[in-house]
Amino acid sequence: MTARRLPLLAAVLALVLAACGGPDVDVSDVPELPPTTPAELEALVSASEVPVVVNVWASWCGPCRSEAPLFREAAAQAGGDVRFVGIDVRDDQDGARAFIAEFGLTSFEHYFDRTGAVPASLGATGVPLTFFFSPGGGLASTHIGVIDERTLALRIDDLLAGTG
């Protein structure tokens with residue numbers, strides 16, 4: 001390995017290590033996440049008069065950590081025009097609460113799904129996943145894997161335009 005590649009390798013390693021574990025954060029303002037089931041999520045999205053974006057995540061998921069700031073910003077920009085819901089899967093409450101506090105995801109609602117039954121009921125597994133629901137609960141689209149800012153914005157625009 002050449003001397004020129006060592007600084008680059010060190011920088012990449014530092015980024016990877018930073019993404020793998022967040023800093024100690026104060027979780028006192030983050031309540032335990034209420035458990036949810038597929039039927040409860042279906043009722044939630046069916047009763048919504050606005051589009052719903054459901055992001056499925058876990059505190060131990062590196063890609064989830066990279067997209068969390070995008071959801072925080074999208075929720076802030078959408079105001080009350082779109083409802084944002086986070087579903088923490090196959091995790092524990094301490095990790096979930098720390099993730100929410102670390103990324104400032106307190107502006108939208110989160111639920112706990114220890115077994116991953118909710119995304120499985122929608123035909124997908126793994127994390128991250130994002131489901132886009134039209135008002136009234138129709139599943140408009142699913143994004144499997146980490147989502148980028150452009151894709152998230154386009155899918156939300158489609159929901160708001162009624163084409164999504």
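The values are calculated or read from the model by the stated rules, or taken from the named source; none is laboratory data. These numbers were taken from a predicted model, which means no experiment stands behind them. FYI the Cβ positions are ideal-geometry reconstructions off the backbone, even for glycines, and counts take in every protein chain you see.
Would you mind stating whether SER28 is in contact (Cβ under 8 Å) with a residue 24 or more places away in the chain and more than 18 Å from ASP157 (Cα to Cα)? Even if it seems obvious, please write down each step before you answer.
On the way: in contact (Cβ under 8 Å) with a residue 24 or more places away in the chain: no; more than 18 Å from ASP157 (Cα to Cα): yes.
Answer is no for this residue.
From the residues in region 123-157 that are among the small types (Gly, Ala, Ser) and modelled with pLDDT of 95 or more, which one is farthest from the chain's Cα centre (by Cα)? Quick ask: steps written out before the conclusion?
Just the residues of region 123-157 that are among the small types (Gly, Ala, Ser), to begin with: 123-124, 126, 134, 136-138, 140-141, 145, 153.
Narrowing further to those that are modelled with pLDDT of 95 or more: 134, 136-138, 140-141, 145, 153.
On the way: SER134: 18, GLY136: 21, GLY137: 18, GLY138: 19, ALA140: 17, SER141: 15, GLY145: 11, ALA153: 14 Å.
Within region 123-157, the match that is farthest from the chain's Cα centre (by Cα) is GLY136.
Would you please list the contacts, defined by Cβ atoms under 6 Å and residues six or more apart or on different chains, that run from a residue in region 56-76 that is in contact (Cβ under 8 Å) with a residue 12 or more places away in the chain to a residue that is hydroxyl-bearing (Ser, Thr, Tyr) and surrounded by fewer than 21 Cβ atoms within 10 Å (Cβ to Cβ)?
Listed pairs, sorted by first residue: ALA75/SER107.
Being buried (at least 22 other Cβ atoms within 10 Å of the Cβ) and either of a type in the set (Val, Ile, Thr) or under 12 Å from the mean Cα position of the chain (by Cα) (or both) is the filter here, so list the residues in region 46-57 that pass it.
So the first thing to find is which residues in region 46-57 are buried (at least 22 other Cβ atoms within 10 Å of the Cβ), and the list is 51-57.
The answer is VAL52, VAL53, VAL54, ASN55, VAL56, TRP57.
Provide a single number: the residues in region 85-111 that are more than 22 Å from THR151 (Cα to Cα), of a type in the set (Val, Ile, Thr) and crowded, with 17+ Cβ neighbours inside 10 Å.
Residues flagged as more than 22 Å from THR151 (Cα to Cα), of a type in the set (Val, Ile, Thr) and crowded, with 17+ Cβ neighbours inside 10 Å within region 85-111 amount to 2.
Tell me, please, whether a residue that is over 21 Å from LEU152 (Cβ atoms), over 11 Å from the mean Cα position of the chain (by Cα) and buried (at least 20 other Cβ atoms within 10 Å of the Cβ) can be found in region 112-122.
yes
Of these, THR151, THR125, which one is touching a helix residue (DSSP H, G or I) at 6+ places or on another chain (Cβ under 9 Å), more than 22 Å from ALA47 (Cα to Cα), surrounded by fewer than 18 Cβ atoms within 10 Å (Cβ to Cβ) and of a type outside the set (Gly, Ala, Ser)?
Criteria check complete, one pass: THR125.
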